[in-house]
1. What lysines does K106 reach when the alpha-carbon gap must be under 27 Å and sequence neighbours fewer than 8 apart in one chain are set aside?
2. Leaving out same-chain residues fewer than 8 places away, which lysines sit with a Cα under 26 Å from that of K148?
3. Once every DSSP H run of n ≥ 4 in the chain is given -39500 (n - 2.57) and the sum is divided by its residues, what mean residue ellipticity at 222 nm do you get, rounded to the nearest 500 deg cm²/dmol?
4. Rank S69, A97, A43 by how far each Cα sits towards the positive end of the charge dipole of the chain (+1 on Lys, Arg Cβ; -1 on Asp, Glu Cβ) and give me just the farthest.
5. Solvent-accessible area per residue for the chain at a 1.4 Å probe radius, Å²?
6. How large are Rg and Dmax for region 1-89 when calculated on the C-alpha trace, in angstrom?
7. Identify the GluC sites (Glu not before Pro) of region 1-89 meeting these criteria: DSSP loop state and at most 14 other C-beta atoms within 10 Å of the C-beta.
8. In debye, nearest 20: dipole of the chain around its Cα centre with unit charges on the Cβ of K, R (+) and D, E (-)?
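The values are calculated or read from the model by the stated rules, or taken from the named source; none is laboratory data. Remember, predicted model here, so these are calculated numbers, not experimental data. As a convention, Cβ positions derive from the backbone with ideal geometry for all residues, glycine included, and neighbour counts pool all protein chains shown. Side chains are part of the model used for accessible areas, which takes the heavy atoms of the whole protein and leaves out ligands, DNA and RNA. Shrake-Rupley method; radii C 1.70, N 1.55, O 1.52, S 1.80 Å.
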Amino acid sequence: NDGGDNTPIEEVNAFYEFWIHFESWRDFTLKATEQTEHDINTAEYRDEKQWMAKEIDCKARAMKRDEMSCITQIVERAMAADPRLKREKEHEKDEKARIAREKKEKAEREAKTKAEAEAKAQEEAAAKQAKEKEIKAEEKAEREKREKGVA
């Protein structure tokens with residue numbers, strides 16, 4: 001792929017993953033030797049030779065650390081400016097918002113359905129109670145009518 005605007009996001013992420021975890025193969029020993037001005041071959045004593053080697057090694061590690069820091073900084077700047085990553089981040093943000101909105105709407109629908117069911121149950125209970133009162137009133141009226149008729 002050409003790394004253009006239509007590159008799949010998986011490839012873009014793989015590219016940046018490579019550079020984030022990149023490990024330089026460069027050896028800074030020669031450059032460190034020049035900068036420290038230590039020549040191990042001219043050391044007279046073994047301890048002096050070890051001390052020089054340690055100094056050179058320390059300087060070489062510092063130079064490698066600086067190079068890795070530079071590479072990391074370049075990668076971070078590239079990632080911050082990459083429109084493909086910005087688009088993906090925006091897409092993820094929109095997706096999260098959509099999911100949250102759908103979840104909220106579902107909860108509202110469920111609450112509305114529950115409220116409607118409760119209202120219907122209350123109406124049915126009230127209707128049943130009214131019907132029972134009506135039946136009791138009719139029974140009472142019939143009883144009173146019979147009692148008046150017997151008396």
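1. Reachable lysines: K89, K93, K96, K114, K120.
2. K131, K133, K136, K140
3. Calculated at 222 nm, the ellipticity per residue is -29500 deg cm²/dmol.
4. The residue sitting most towards the positive pole is A97.
5. About 87 Å² of surface per residue is accessible.
6. For region 1-89, the Cα radius of gyration and maximum Cα-Cα distance read 20.1, 63 Å.
7. E23, E37, E44
8. About 1480 debye.
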